[in-house]
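**Student:** Please find one structure pasted underneath; my questions will follow.
Every number in this text was worked out from the coordinates using simple rules, so none of it is lab data. No experiment lies behind these values; they were computed from the predicted model shown. For neighbour counting, all protein chains shown are included, and Cβ atoms are generated from backbone atoms with ideal geometry for every residue, glycine included.
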Amino acid sequence: MPIERVFVAGAGLMGHGIAQVHGTIGKRVVLYEPELARAEAGRDRIAGNLERAVAKGRLAAAERDATLARIEATDDLDRVAGADLAVEAVFEDVEVKTALWARLDVAAPEAAIFASNTSSISIDRLAEAVGEGRRARFIGLHFFSPVPVMPLIELVRGSATSDETDVAVRALAAELGKQVIASADRPGFIVNRILMPFLAEAMRGYEEGLGSADDIDAGAKVGLNHPMGPLELADFIGLDVCLGIMRVLQEGLAHEQFRPPGVLERLVEAGHLGQKTGRGFHTYPRGDLSNSGGAS
């Protein structure tokens with residue numbers, strides 16, 4: 001089934017980026033948030049991204065205008081009724097995600113593909129929220145942040161995901177110019193299974209006084225040739241997101257390296273979530289990190 005109409009639920013860091021890349025390749029996109037102002041703010045961020053690309057000579061003004069014209073903000077969940085693909089990009093919480101999928105299952109066309117941008121939660125667990133007939137068309141489609149820049153997608157099949165669904169989303173990924181890696185449906189999938197212990201160990205070192213945040217990050221950037229240090233990267237991802245992923249990994253795998261460090265839990269409890277709140281392991285603004293490598 002060709003995918004031409006895309007419904008994106010969630011207009012935050014990941015959601016607005018997912019909407020942007022689909023609009024850029026000619027798809028009609030509806031960007032949803034339960035509050036219209038939040039959906040419009042997501043579309044405004046897309047407009048800002050495209051305007052910067054025009055200013056840098058990477059995009060023609062006509063292409064900017066055409067892309068924006070294909071992206072509509074809404075607070076009406078029933079707009080999923082016109083979608084070939086529904087992408088969920090809401091907070092990394094099982095209850096939040098499953099409640100949304102249950103509602104979308106009622107309103108979406110029978111043939112629509114459901115794709116979760118979850119970065120760690122089991123696809124089979126999320127698919128329990130929809131009817132059995134939908135589960136063949138339920139899949140994990142994990143983008144990386146910033147979505148317009150990062151060239152990778154993790155594809156995660158559930159036990160019921162059909163070959164036809166797999167083929168359709170791989171074809172879409174090719175249209176988007178993204179490389180696909182396939183992960184088994186296990187906690188954290190491939191990338192976060194590797195990444196989160198690295199971030200957690202850097203946090204534990206910081207907590208133990210091993211070095212300053214700047215020195216720990218410099219060690220990774222200069223000594224390991226990483227584009228961002230682990231603490232800076234955690235701030236970029238969002239410390240609340242990192243904590244949620246680590247908890248999923250710890251619950252699902254029960255290995256010590258996945259245990260969330262105390263310093264991370266305390267920062268999140270205090271509302272210091274990283275770049276998006278102006279404070280995490282570092283304080284911000286610290287320059288433009290929008291084109292650095294990231295994850296989610």
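**Student:** Per 5 Å bin, what is the whole-percent P(r) computed from every C-alpha pair distance within the chain?
**Tutor:** Over the chain, the share of Cα pairs per 5 Å bin runs 1, 6, 12, 16, 18, 17, 13, 10, 5, 2, 0, 0 percent.
**Student:** Neighbouring Cβ atoms within 10 Å as the yardstick, rank S145, S162, S119, S212 fewest first.
**Tutor:** S212, S162, S145, S119
**Student:** How many nm is it between the label spots at S162 and Q257, if each spot is 7 Å from the Cα in line with the beta carbon?
**Tutor:** Here the answer is 3.9 nm between the modelled labels.
**Student:** Once the piece of chain linking E63 and R186 is laid out straight, how much longer is it, given 0.36 nm per residue of separation minus the C-alpha distance between them?
**Tutor:** Gain on stretching E63 to R186: 40.3 nm.
**Student:** Angle check, please: helix 239-253 long axis (alpha carbons) against the longest principal axis of the chain (alpha carbons), in degrees 0 to 90, nearest 10.
**Tutor:** Helix 239-253 sits at roughly 90 degrees to that axis.
**Student:** Can I ask one more? How big is the C-alpha Rg of the stretch 1-158 next to the rule-of-thumb value 2.2 N^0.38 Å, as a ratio?
**Tutor:** Normalised Rg, Cα atoms only: 1.00.
**Student:** Name all residues of the stretch 11-54 having a backbone nitrogen under 16 Å from the label point set 7 Å from the Cα of R103 along its Cα→Cβ direction, giving them as ranges.
**Tutor:** The answer is 11-12, 31-40.
**Student:** Now a separate question. Using DSSP loop states and a limit of at most 13 other Cβ atoms within 10 Å to flag trypsin sites (Lys or Arg not before Pro), what is the longest stretch of the chain containing no flagged site?
**Tutor:** Longest run free of exposed loop sites: 59-285.
**Student:** Hey, another quick one. Sort largest first and round to whole Å: the equivalent ellipsoid semi-axes of the stretch 191-277, each the square root of five times a Cα gyration tensor eigenvalue.
**Tutor:** 19, 15, 12
**Student:** Could you state the orientation-averaged shadow area of the convex hull built on the Cα atoms of the stretch 145-211, in nm² to one decimal?
**Tutor:** 5.9
**Student:** Still on this structure, please answer the following. For the stretch 1-81, which GluC sites (Glu not before Pro) are in a loop by DSSP, counting at most 14 other Cβ atoms within 10 Å?
**Tutor:** Details: sites: E4, E35, E40, E51, E63, E72; in loops: E4, E35.
Those satisfying the criteria are E4, E35.
**Student:** Using only alpha carbon pairs under 8 Å that are at least six residues apart, calculate the relative contact order of the stretch 1-160 and give it in whole percent.
**Tutor:** 24
**Student:** Now for a separate question. Can you tell me what share of the DSSP beta bridges in the chain is antiparallel? A percent to the nearest 5 is fine.
**Tutor:** Bridges in the chain that DSSP calls antiparallel: roughly 20 percent.
**Student:** Residues with amide H under 5 Å of I113's amide H, sequence separation 5 or more or different chain, H placed in the peptide plane at 1.01 Å from N; which?
**Tutor:** L85, A86
**Student:** Return the single residue from G238, G223, G211 with maximal mean-square fluctuation; model: Gaussian network over the chain, springs between Cα atoms under 10 Å.
**Tutor:** Most flexible of the set in this elastic network: G223.
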